[in-house]
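Have a look at the structure below before the remarks.
The values are calculated or read from the model by the stated rules, or taken from the named source; none is laboratory data. Just so it is clear, the model here is predicted, and its values are computed rather than measured. A quick note on method: Cβ atoms are made from the backbone with ideal geometry, for glycine too, and the neighbour counts reach across all protein chains shown.
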Amino acid sequence: MWVGHSHAHQAVVKIHDYLEDINPGLSRKVFGGVITSAAVSYVAVRGYRYYRARRTVKERGEAAKLACHVLREHLEQEGPVDPQKEAMITDLELSELKQKLWKGELKALEVLRAYQRKALQVDEKLNCVTEPIFEAEALAVELDLLSPNQRKPLHGIPVSVKDSFNVEGYDCHAGFSCFADKPVERDGDIVQIFKSLGAVPFVRTNFPQGLMTFACSNPMYGATKNPHSLTRGPGGSSGGEGSLIGGGGSVVGIGSDIGGSIRIPCQMCGVYGLKPTVDRISNQGHIPLMSGQNLVRMTAGPMARDMDGLILVTEALLTPRMHQLDPYVPPLFFQDTLYEKKSPLVVGFYTAIDGVHSHPTCVRAVMEAKTALTQQGHKVIEFQPPRAVEAVSNLFMKACFGDDGEETALYLKDDVLDRSVTFSYYMGKLPKRLRYMVSRLIGFMDPPLGQLVVGASTPPRKILEWWYLQDKIQAYKREFFAAWQSRKLDALICPGMPFPAVTAGTEDNVLAGIVYTTLYNLLNYPAGMMPVTTVTQDDLKRLKDPSVYPPSGALEKFVIQDCEGTVGLPIGVQCVSLPYHEETVLRVMKDIDTVTKTTRN
Ligand SMILES: CCCCCCCC/C=C\CCCCCCCC(N)=O
């Protein structure tokens, strides 16, 4: 390197001397010219790339809008519709819809049409759909030709799909223009399984650029709105799903979760969702972001409008077909024995994680869930996860941002940056020491966020440190399990996010809330999220009482400041169990739902 450098230096000196021999002062002109043209070319190339990215972003956005428009026109041309019948269809719970399709009382095509129309209507208000899946029509027509004994478990059920899953013939770019205009050749595994079960994937839904935030906006498709308050975000990253399902435009959908991306929009939009144990549901065919990072992995999971729908879909998904498509999915099919077990469970609960306070409605939701479970005969006891903020900061954040944000920066080079990723993008750009100092400063205003960002700013530097990180994660998993066993728990209930939906675009103010969800990605425990209650005026009164909700950090201060207009927003409960015990999670959720559904305000 040094030798090469000295050769280059000698060559420059020789050229300089040669030029000066010809004409004194010539070397300055030539070298000046070379440097200026190199700088101009650099700026021109970067500028051109940025211009191209902007064009791609604009074209993808317009193409998606046009696709929705084409579908709308197509539906209009089909002639008169029966709005009452369509409303009846889209109001049905998933299990009722399934029954009617199975019995042949409804045709797959008419159900598809009702949902297409409804999804487009909801999208006009909430901007949650990225594009329709046009092949849905052919699928529905084929299904209608089947004889009753050929019908499959999800015969004719329309399914919405987060845009980050591969759908044959469509782009899968997560908002990075470098991946745009490259239609994928094959459906992702979960899309294939849904189709093999007779379901009809019919629309793709919105997400935040790069998927690593719980906002829901990207430069191509813009920002998605919350179905319960148009000024608020739906959560993310599966925010398009949350918004569409919560807004009534889909009955079941597919999301993905590495830090809360299924559960956060479920809380914000009042829908049901399940983040399974990694590899219980195949994640093949999900956009491979962070795919070489094996310590905390992204997982696909179902989201649904109602509890029975979530159970029905999970049961249908956990089939041998999943294992055939992806042999790394263990051949562990839906365990009726766990789901239908009648003996009472021991369920742990906590209402807050040390350091990040929980909104009074979130506390109340857990307490109502606790009462519901007690009424159902379960034993509910207190449990506090050991050193949660520290574990998420030092383990989850180091694993997920261990590349110094390099992957995202690589894909975003000369791309249009969305507001939702600016914080992590520019933090990643800072020189390491400066980033560390900034993290410390953040810690003065928002101690848990400071801790998280310090974790992200001090990733492993060598392979040996990466191995040690893996060891530490294993050690934390053992520590957590020991605490779990000492209380003889079968399951756990807790808040899934310690506040309701925040004003769109302000998610960075409450980032530290992710410790509530990411903990269970770090541990790789299955976790479900379900609506339990809504924010009341009385909750807001208590929110403003420092003895109930101490405004100890920037997050809490922001939640108080942002609380106007939150009355009526949904709040849920997170239900957790041991790895590969999704059925226990569902059983606990069902037992809570049976009681709280009837009294939900
Ligand atoms: C390397 C640069 C350091 C950047 C620091 C960024 C700090 C951001 C803090 C928290 C972000 C965690 C987001 C996880 C949410 C992911 C949602 C999901 N995809 O499941």
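For Thr130, state whether it is closer than 22 Å to Asp418 by Cβ, more than 16 Å from the ligand (Cβ to nearest atom) and either free of Cβ contacts under 8 Å to residues at least 24 places away in the same chain or touching a helix residue (DSSP H, G or I) at 6+ places or on another chain (Cβ under 7 Å) (or both).
yes
For the stretch 228-282, name all the residues that are assigned to a strand (DSSP E or B) and under 13 Å from the mean Cα position of the chain (by Cα).
Within the stretch 228-282, Gly253, Ile254, Gly255, Ser256, Asp257, Gly273, Leu274, Lys275 meet the criteria.
Check Ala456 against each of (1) within 14 Å of the ligand (Cβ to nearest atom); (2) in a loop (DSSP other than H, G, I, E, B) and name the one condition it does not meet.
The number of the failed condition is (2).
Please pick out the residue among Leu449, Leu417, Leu469 that is touching a residue at least 12 places away in the same chain (Cβ under 8 Å), within 16 Å of the ligand (Cβ to nearest atom), part of a loop (DSSP other than H, G, I, E, B) and of a type in the set (A, V, I, L, M).
Result: Leu417 is the single residue among Leu449, Leu417, Leu469 that is touching a residue at least 12 places away in the same chain (Cβ under 8 Å), within 16 Å of the ligand (Cβ to nearest atom), part of a loop (DSSP other than H, G, I, E, B) and of a type in the set (A, V, I, L, M).
For Val57, only one of the following conditions fails: (1) within 27 Å of Ser147 (Cβ to Cβ); (2) touching a helix residue (DSSP H, G or I) at 6+ places or on another chain (Cβ under 6 Å); (3) assigned to a helix (DSSP H, G or I). What is its number?
(1)
Scan the stretch 543-553 and tell me whether some residue there is assigned to a helix (DSSP H, G or I), small (Gly, Ala, Ser) and surrounded by 17 or more Cβ atoms within 10 Å (Cβ to Cβ).
No, because not a single residue in the stretch 543-553 is assigned to a helix (DSSP H, G or I), small (Gly, Ala, Ser) and surrounded by 17 or more Cβ atoms within 10 Å (Cβ to Cβ).
Being under 25 Å from the mean Cα position of the chain (by Cα) and hydroxyl-bearing (Ser, Thr, Tyr) is the filter here, so list the residues in the stretch 42-84 that pass it.
Listed by number, the list holds a single entry, Thr56.
Go through the stretch 240-285 and give me each residue that's surrounded by fewer than 24 Cβ atoms within 10 Å (Cβ to Cβ) and touching a Ser or Thr at 6+ places or on another chain (Cβ under 7 Å).
Residues satisfying the conditions are Gly248, Val278.
Under the condition of being part of a loop (DSSP other than H, G, I, E, B) and more than 15 Å from the ligand (Cβ to nearest atom), which residue from the stretch 286-307 is surrounded by the most Cβ atoms within 10 Å (Cβ to Cβ)?
Arg305
I need every pair where a residue in the stretch 397-411 that is within 9 Å of the ligand (Cβ to nearest atom) has its Cβ under 7 Å from the Cβ of a residue that is of a type in the set (S, T, N, Q), sequence separation at least 6 or different chains.
Going by the 7 Å Cβ cut-off, the qualifying pairs are Cys400/Gln293; Gly402/Gln293; Gly405/Ser424.
Considering (1) closer than 29 Å to Gly572 by Cβ; (2) surrounded by fewer than 22 Cβ atoms within 10 Å (Cβ to Cβ), say which one Asp446 fails and leave the rest.
(2)
For the stretch 364-396, what are the residues that are away from the ligand (no atom under 16 Å from the Cβ) and either under 13 Å from Met290 (Cα atoms) or acidic (Asp, Glu) (or both)?
Glu368, Glu382
Any idea how many residues of the stretch 505-538 are acidic (Asp, Glu) and more than 15 Å from the ligand (Cβ to nearest atom)?
Of the residues in that region, 1 qualify.
Quick one: how many residues across the stretch 404-434 are charged (D, E, K, R), under 22 Å from the mean Cα position of the chain (by Cα) and surrounded by fewer than 16 Cβ atoms within 10 Å (Cβ to Cβ)?
Residues in the stretch 404-434 being charged (D, E, K, R), under 22 Å from the mean Cα position of the chain (by Cα) and surrounded by fewer than 16 Cβ atoms within 10 Å (Cβ to Cβ): 1 in total.
Out of Phe481, Phe444, report the one residue that is more than 23 Å from the chain's Cα centre (by Cα), over 24 Å from Cys266 (Cβ atoms) and modelled with pLDDT of 95 or more.
Every option except Phe481 fails the conditions.
Checking Lys488 against (1) assigned to a helix (DSSP H, G or I); (2) exposed (fewer than 13 other Cβ atoms within 10 Å of the Cβ); (3) away from the ligand (no atom under 15 Å from the Cβ); (4) not β-branched (Val, Ile, Thr), which single condition isn't satisfied?
The number of the failed condition is (1).
Looking at Gln192, Gln209, which one is touching a strand residue (DSSP E or B) at 6+ places or on another chain (Cβ under 7 Å) and modelled with pLDDT of 95 or more?
Gln209
Only one of these is more than 16 Å from the ligand (Cβ to nearest atom), modelled with pLDDT of 95 or more and of a type in the set (S, T, N, Q): Ser256, Ser243, Ser261, Ser250. Name it.
Going through Ser256, Ser243, Ser261, Ser250 in turn, just one is more than 16 Å from the ligand (Cβ to nearest atom), modelled with pLDDT of 95 or more and of a type in the set (S, T, N, Q): Ser250.
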